[in-house]
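To start, the structure itself, in structure tokens.
What follows draws every value from the coordinates through simple rules; no lab data is involved. These numbers come from a predicted model, not from an experiment. Ideal geometry is used to build each Cβ from the backbone, glycine not excepted, and the neighbour counts take in all protein chains shown.
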Amino acid sequence: MRKKLDFLFAGVGGQGTILASNIVSEVGMRCGYDVKKSEVHGMSQRGGAVESHVRWAEKVYSPLIEEGNADFLLAFEMLEAARWPHFLAPGSVALVNIHQVMPPSVNLGQEKYPEEKEIESILTGAGDRVIWLEGAAKAVELGNHPTLAGVVLLGVLSTRLDEPAETWLRAVEDLVPAKFKELNVKAFWAGREMAAGS
Amino acid sequence: MKKIMSGNEAFAYGAYLAGINVAAAYPGTPSTEILDNFSKYSGVYAEWSTNEKVALDVGIGAAYAGGRALVTMKHVGMNVAADSLFYISYTGMKGGLVIINADDPSMHSSQNEQDNRHYARFAKVPMLEPADSEEAKQSVKAALEISEKFDTPVIIRTTTRLSHSLSIVETEDEPVAESLSEPVAFERNPVKYVMVPAFARQRHPVVEDRLKKLAVMAETTALNRIEPGDDEIGVIVSGVAYQYAREVFPNATFLKLGMVYPLPAGLIKELAGRVKQVVVIEELDPFIEEHVRLMGIPARGKDIFPNIGEFNPGLLRRCAQEAGLISAPVQSTPAVSVPQLPGRPPMLCPGCGHRGLFYALQRVKALVHGDIGCYTLGSAPPLSAMHTSGCMGASIGVVHGVDKVGVKDRTVAVIGDSTFFHSGVAPLINLHYNNGTSTVIVADNRVTAMTGHQANPGTGSTLMGIESPVVKIDELARGIGFKKVDVVNPYDFKTMVDTIKDHLQSKEPSVIVAQYPCVLYKRERKPALVVDLEKCNECGNCLRIACSPITKVEGGVSINAALCIGCGFCATICNQGAIGLPNREGGTEQ
Ligand SMILES: Cc1ncc(C[n+]2csc(CCOP(=O)(O)OP(=O)(O)O)c2C)c(N)n1
């Protein structure tokens, strides 16, 4: 067991950010960690951003990660990934889904959506590295259920941690809606394969 | 067994375990999920009342008759319910009454920040404050015990960060608490329950005496505890701030309060005696700090930590370092700056009927006195069609005042259906009674959408999922005496504009019900629309309706098919006929 692990999730409404962070919380608890999770999602159904903190440790006090302490950033949307460099710990890894959802000011032509390179340099200025992942493309291939990309990213994350794949799979199966179980299991394995290839 | 639960799920579970049998609430972030969850347990009664005061009176009735009642609300809901809070403090009740009040520091989803610990002191009732989900679960039973033992309502205070954080809860609890042995029955006892001055004067000393007894109890209850540490700093803290403080001051001595009113003077003195310096860490107002200072203890608090917004560990650490309470890191890593990036403000959903109404109001250049709900998003650019919004139910009184002072403008009030049932009916009667001239538009999407689609009197069902009669707003207005009342589909753009113009010209007070069911609730989806770039003349009309699937591109606009739900409003307002359904040849069909 590690001393502590802090995971920061970022996305926009409808991407399954909350589901993915629930699964990571569940895995932590089942592996014997104390777990806390906190999220802001008030406006998510109306196109707003979603942010979620998950913390594993022997004893977790704060439900919020302290700035400079996140070990992993899991971002389901590229612009949302770029908002959180101040939370990244030295040596941390950002797993970023290659997917863009335009905010209103970009739709109206008033502001520019940042380039991939720009996002990468924002994040590597604080953390260790950015791993770009074709989670959205994989989700389309698998059946285009909007939350699948998140589970693909969890498959990738699972290969970077010590907890057995079995535990992750059980948590995915138990937390996703019953009728999408098979699809999500496929998405999880697709993520593990993606990690092996990268 | 262990289960990960949000604070609100844990409150609901705790209420079930405590044997609460009647629960009433009006939704409000961050309190809503408590009743959403509680209503799913078997054998309980739960309802969405029309507003917080009604909810509290319902809970009081149940408790008067010997039941165990729960009432929940967000912080501003307590303002609405306050009148009832003050009488129930005097009368007490036969059964038990627990009120869960959710404060929202940082205003994640509120119109103001307020520290409702003041209500405990104001109404002279005890208040508990749990610090995680396990404590949230336990707090309901603890509150109920105090309520029944001391004949007092008990408030549990939560905050957004507790209600919406998840932590591990033990679920191998004692079975549901025994229901009261006596059968429920109302005991007629006017001296206790009829608060005419003569009887109320007899009750006030009872209340003061009760507070003294509660203060004694506060010294010994397991809710408050001293956690030993070194003798440098003694931290007094409660709620989720305890969790942050534990990380920033790992070695300090703590007085962890689970009951924040009345405060335990003895424990505070004991802590002060053990340490060189007392520091009070509390979000919003210096509620505990002032009490400690009045005791003659030179505590620090708001000179170090802000009285605006919610705390987090990083903020506490920076404040504590600046004040010299903890040492700064030897090797300071360079601060990472937060980049300037396009924001992602909330918008009306694709297909939301409110869009048709606000685009029409913008077009007729109306001066709009608004209210609170999803439709408040009509104030944001590019719609920019709402000019005041204060608290629930304010719109109708405000527009009447603006009209009475003699402003010659195209004034209207816009109020949502749930908001109208909450606090719009009395001002509508006032408008009619006082010979008003204003136009009131009810943005009626048949559900309480903002807080996550709770049923309301216009929905046709209840929180328990039972069918219920529908209150028709147009009939209600006619019943009051309004003669000019119209029901319009806001996506029928021409009729909407014409109706607003007609009502604005009229001298009599009038009501328009702009009715279109909430798209998120109904979940109807039609084929996405497409743009014919050859016909598009880049006038920008469709960009002014603030619909997220519509994006500006080279030579016109495009519509994101994954986000569009096919409501067709953009096609209605396009002067060029450039937007339509896709036809087989790849062009558009009107
Ligand atoms: C006194 C008070 N109680 C509750 C709330 C929380 N709240 C804000 S808007 C809203 C519901 C609005 O519903 P409705 O009027 O139907 O408009 P919609 O969101 O459906 O457009 C609620 C419950 C509040 N702000 N103030």
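Computed from the C-beta positions of B:ASN583 and B:SER42, the FRET efficiency with R₀ = 60 Å rounds to 0.65.
Close amide H partners of B:VAL531, meaning residues 5 or more places away or on another chain with modelled amide H under 5 Å apart, are B:ILE559. Percent of alpha carbon pairs in the range B:224-322 separated by more than 16 Å? When all Cα pairs of the range B:224-322 are counted, 49 percent exceed 16 Å. On the basis of the beta-carbon distance and an R0 of 22 Å, A:ILE131 and A:GLU58 show a calculated FRET efficiency of 0.20.
Quickly estimate the mean residue ellipticity at 222 nm for chain A, helices only: each DSSP H run with n ≥ 4 gives -39500 (n - 2.57), and the total goes over all residues, rounded to 500.
Helix contribution divided over all residues of chain A: -11500 deg cm²/dmol.
Across chain B, counting alpha-carbon atoms alone, Rg and Dmax equal 27.3, 85 Å. Computed from Cα atoms, the angle from the helix B:197-220 axis to the main principal axis of chain B rounds to 70 degrees.
From the Cα gyration tensor of the range B:431-590, with a ≥ b ≥ c the square roots of its eigenvalues, which class applies: rounded if a/c is under 1.5, or else prolate if a/b is larger than b/c, or else oblate? It is oblate, given that a/c is not under 1.5 and a/b is not larger than b/c. Spatially, the range A:129-175 and the range B:533-562 are offset by 34 Å when compared through their Cα centroids. With the simple spin-label model, which puts each label point 7 Å out from Cα in the Cβ direction, the B:GLU554 to B:THR220 separation comes to 8.2 nm. With the convex hull of its Cα atoms as the shape, the range B:2-219 has an orientation-averaged projected area of 11.6 nm². Give the percent of DSSP beta bridges with both residues in the range A:4-196 that are antiparallel, rounded to the nearest 5. Among the beta bridges of the range A:4-196, antiparallel pairing accounts for roughly 55 percent. Sites listed here are GluC sites (Glu not before Pro) in the range B:131-231 whose DSSP assignment is loop and whose Cβ has at most 11 other Cβ atoms within 10 Å: B:GLU172, B:GLU178, B:GLU187.
A simple spin-label model places the labels of B:ASN435 and A:ASP34 6.9 nm from each other, with each point 7 Å out along Cα-to-Cβ. Restricting attention to chain B, close to 25% of DSSP beta bridges with both partner residues there are antiparallel.
Here the range B:44-86 is scanned for amide nitrogen atoms under 12 Å from the site 7 Å beyond the Cα of B:ALA200 along Cα-to-Cβ, giving B:83-84, B:86. In this simple spin-label model, placing a label point 7 Å from the Cα along the Cα-to-Cβ direction at both B:LYS269 and A:PHE180 gives a separation of 6.0 nm. Note on chain A: GNM, Cα springs under 10 Å; of A:LEU157, A:LEU64, A:LEU88, the largest mean-square fluctuation is that of A:LEU64.
Computed over the Cα atoms of the protein assembly as shown, what is the ratio Rg over Rh, Rh following Kirkwood? Here Rg/Rh amounts to 0.98.
Placing a label point 7 Å from the Cα of B:ARG410 along the Cα-to-Cβ direction, the residues of the range B:476-515 with a backbone N closer than 14 Å are B:494-506. Per-residue ellipticity at 222 nm, computed for chain B from helices alone with -39500 (n - 2.57) per DSSP H run of at least four residues, works out to -10000 deg cm²/dmol. Tell me the angle of helix B:265-274 to the major Cα principal axis of chain B, expressed in degrees between 0 and 90 and rounded to the nearest ten. Helix B:265-274 sits roughly 70 degrees off the main axis of chain B.
If you sort the three axes of the alpha carbon gyration tensor as a ≥ b ≥ c, you get a/c of 1.5 or more for the range A:49-96 and a/b above b/c, which makes it prolate. Per-residue Cβ neighbour counts within 10 Å put A:CYS31, B:CYS518 in the sequence A:CYS31, B:CYS518, beginning with the fewest. For the range B:402-439, trypsin sites (Lys or Arg not before Pro) are listed when DSSP marks them as loop and at most 11 other Cβ atoms sit within 10 Å of their Cβ; the list is B:LYS408.
Using the Karplus relation 6.51 cos²θ - 1.76 cosθ + 1.60 with θ = phi - 60°, the per-residue 3J(HN,Hα) values for the range B:528-538 come to 5, 8, 10, 10, 9, 5, 5, 8, 5, 10, 6 Hz, with x marking Gly and Pro. Electrostatic bookkeeping for B:ALA335 treats Lys and Arg as +1 and Asp and Glu as -1; over the other residues with beta carbon under 15 Å from its beta carbon, the sum is -1.
The charge dipole of the protein assembly as shown, taken about its Cα centre with unit charges on the Cβ atoms of Lys, Arg (+1), Asp and Glu (-1) only, comes to about 1380 debye. Against the main long axis of the alpha-carbon atoms of chain B, helix B:354-363 sits at an angle near 60°. Across q = 0.22 Å⁻¹, the range B:530-589 modelled as identical point scatterers on its alpha-carbon atoms has Debye log10 I(q)/I(0) values of -0.83, in the order of the q list. By the gyration tensor of its Cα atoms, with a ≥ b ≥ c the square roots of the eigenvalues, what is the shape of the range B:350-470: rounded for a/c under 1.5, prolate for a/b over b/c, or oblate? Note, shape of the range B:350-470 comes out oblate. Here the 3J(HN,Hα) profile of the range A:78-89, calculated from phi with Karplus coefficients 6.51, -1.76 and 1.60 at θ = phi - 60°, is 5, 5, 5, 4, 6, 7, 10, x, 5, 8, 6, 7 Hz, Gly and Pro shown as x. Loop-only GluC sites (Glu not before Pro) in the range A:85-144, please: DSSP not H, G, I, E or B, and at most 14 other Cβ atoms within 10 Å. For GluC sites (Glu not before Pro) across the range A:85-144 that sit outside H, G, I, E and B with at most 14 neighbouring Cβ atoms in 10 Å, the list reads A:GLU115.
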